[in-house]
1. What single numbered condition from (1) touching a residue at least 12 places away in the same chain (Cβ under 8 Å); (2) farther than 18 Å from residue 29 by Cβ fails to hold for residue 46?
2. So, in the stretch 48-61, how many residues would count as being open to solvent by 50 Å² or more (accessible area, probe 1.4 Å) and modelled with pLDDT under 85?
3. What number of residues within the stretch 46-82 are of a type in the set (D, E, K, R) and within 13 Å of the chain's Cα centre (by Cα)?
4. What residue, of 72, 64, is surrounded by 14 or more Cβ atoms within 10 Å (Cβ to Cβ), at pLDDT 85 or above, out of contact with any helix residue (DSSP H, G or I) (no Cβ under 7 Å at 6 or more places or on another chain) and over 20 Å from residue 98 (Cβ atoms)?
5. Cβ-Cβ distance below 9 Å, separation of 6 or more or different chains: which pairs start in the stretch 1-25 with a residue that is under 30 Å from residue 42 (Cβ atoms) and end on one that is polar (S, T, N, Q) and in a helix (DSSP H, G or I)?
6. Taking the stretch 5-41 as the search range and keeping residues that are surrounded by 10 or more Cβ atoms within 10 Å (Cβ to Cβ), modelled with pLDDT under 75 and among the hydrophobic types (A, V, I, L, M, F, W, C), which one is farthest from the chain's Cα centre (by Cα)?
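The values are calculated or read from the model by the stated rules, or taken from the named source; none is laboratory data. Predicted model, so just to flag it, every value in this text is computed and none were measured. With ideal geometry, Cβ positions are generated from the backbone for all residues, glycine too; neighbour counts draw on all protein chains shown. All accessible areas refer to the heavy atoms of the entire protein, side chains included, with ligands and DNA or RNA removed. Shrake-Rupley method; radii C 1.70, N 1.55, O 1.52, S 1.80 Å.
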Amino acid sequence: MDLLNKPIGIQAISLAAVEDIVVWVILAIASAFSSGGSALQGLYTLLLTLGFIAIMVIIIRPILKRIHAFYLSKDDDTNVYLVVGCFLLLVVSSFTTEVMGKYSNEFSD
């Protein structure tokens with residue numbers, strides 16, 4: 001039915017992605033509050049999360065956009081270096097969030 005190329009399919013996939021992000025953020029906040037720490041620990045975790053999201057949106061997203069535009073101008077939208085860079089960014093992001101979680105747990109001690 002080719003729904004992914006129609007507005008309703010694009011909207012459904014976009015909303016599913018936003019919903020996943022919101023649920024994970026709520027889960028992280030609930031986890032921070034339920035770990036036996038204070039409300040200050042939950043607030044600290046929330047601030048770290050907001051900072052991480054801000055860095056990803058304000059700094060990383062424009063950089064990736066420029067790199068992707070460069071490869072698009074060369075008719076190479078799925079360049080292997082771009083894909084590998086995205087996977088490396090994923091690994092660095094997961095490490096960063098893991099460190100944020102451990103650091104916010106130490107903050108309560």
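1. Single failed check for residue 46: (2).
2. The number of residues fulfilling the criteria is 0.
3. Taking the stretch 46-82 and keeping what is of a type in the set (D, E, K, R), we get 61, 65-66, 74-77.
From what is left, the residues that are within 13 Å of the chain's Cα centre (by Cα) are 61.
The number of residues fulfilling the criteria is 1.
4. Details: 72 fails: surrounded by 14 or more Cβ atoms within 10 Å (Cβ to Cβ).
Exactly one residue qualifies, and that residue is 64.
5. Here the result reads 25/49, each pair linking the stretch 1-25 to a residue that is polar (S, T, N, Q) and in a helix (DSSP H, G or I).
6. 40
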